[in-house]
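To start, the structure itself, in structure tokens.
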Amino acid sequence: MSTIGSLVFCTDCGSLLDGSVGDPTRILVCDVCGTRNKDTVPQTIISESKPSAFPSTLRAKRSAIQTLTAADRRTQATIEKTCPKCARKEMYFTEVQLRSADEGSTIFYTCICGYKETTNN
């Protein structure tokens, strides 16, 4: 009988044996070929490695606590468009496909002052 991790296989045909409990006095009969196999204790292999075993520049730069600013959390792109409310010359935009694929997308413009505008292309 062969064991791989917690799985037990027949030594003659290689079929998976049912009902293994790890009792060496117990006999497991293969359903496929009928071979009688001793039930052996499955061996569990555990491997551990220290973080220093695989050095990484990203891991070295990362700290346990990260501080994100509002600018870090903003994922929108910027465009040169004047805000009608505050006259700021730069706005954030996001393009989303809300309608069917053969129609244009919808663009959402947002200003820092809170003004929002939508354009359908």
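Just one of (1) surrounded by 13 or more Cβ atoms within 10 Å (Cβ to Cβ); (2) modelled with pLDDT of 75 or more; (3) over 20 Å from N121 (Cβ atoms); (4) not charged (D, E, K, R) trips up A53, so point out which.
(1)
Any residue in the stretch 63-71 that is open to solvent by less than 90 Å² (accessible area, probe 1.4 Å), among the aliphatic types (A, V, I, L, M) and at pLDDT 85 or above?
Looking through the stretch 63-71, none of the residues is open to solvent by less than 90 Å² (accessible area, probe 1.4 Å), among the aliphatic types (A, V, I, L, M) and at pLDDT 85 or above.
Of all residues in the stretch 29-41, how many are modelled with pLDDT of 85 or more and in a strand (DSSP E or B)?
So the count comes out to 2.
Assuming T75 fulfils every condition listed in (1) modelled with pLDDT under 80; (2) farther than 27 Å from C111 by Cα; (3) in contact with a Ser or Thr (Cβ under 9 Å, 6 or more places away or on another chain) apart from one, which condition is it?
Answer for T75: the failing condition is (2).
Which ranges mark the strands (runs of 3 or more DSSP E) fully within the stretch 82-121 that have 1 or more residues being surrounded by 11 or more Cβ atoms within 10 Å (Cβ to Cβ) and charged (D, E, K, R)?
Because the criterion is at least 1 residues that are surrounded by 11 or more Cβ atoms within 10 Å (Cβ to Cβ) and charged (D, E, K, R), the strands (runs of 3 or more DSSP E) in the stretch 82-121 that meet it are 91-96, 116-120.
The values are calculated or read from the model by the stated rules, or taken from the named source; none is laboratory data. Predicted model only: the values in this text are computed from it and were never measured. Every residue, glycine among them, receives a Cβ derived from its backbone with ideal geometry; neighbour counts consider all protein chains shown. Note: accessible area is taken over every heavy atom of the protein model, side chains too, but ligands, DNA and RNA are not part of it. Shrake-Rupley method; radii C 1.70, N 1.55, O 1.52, S 1.80 Å.
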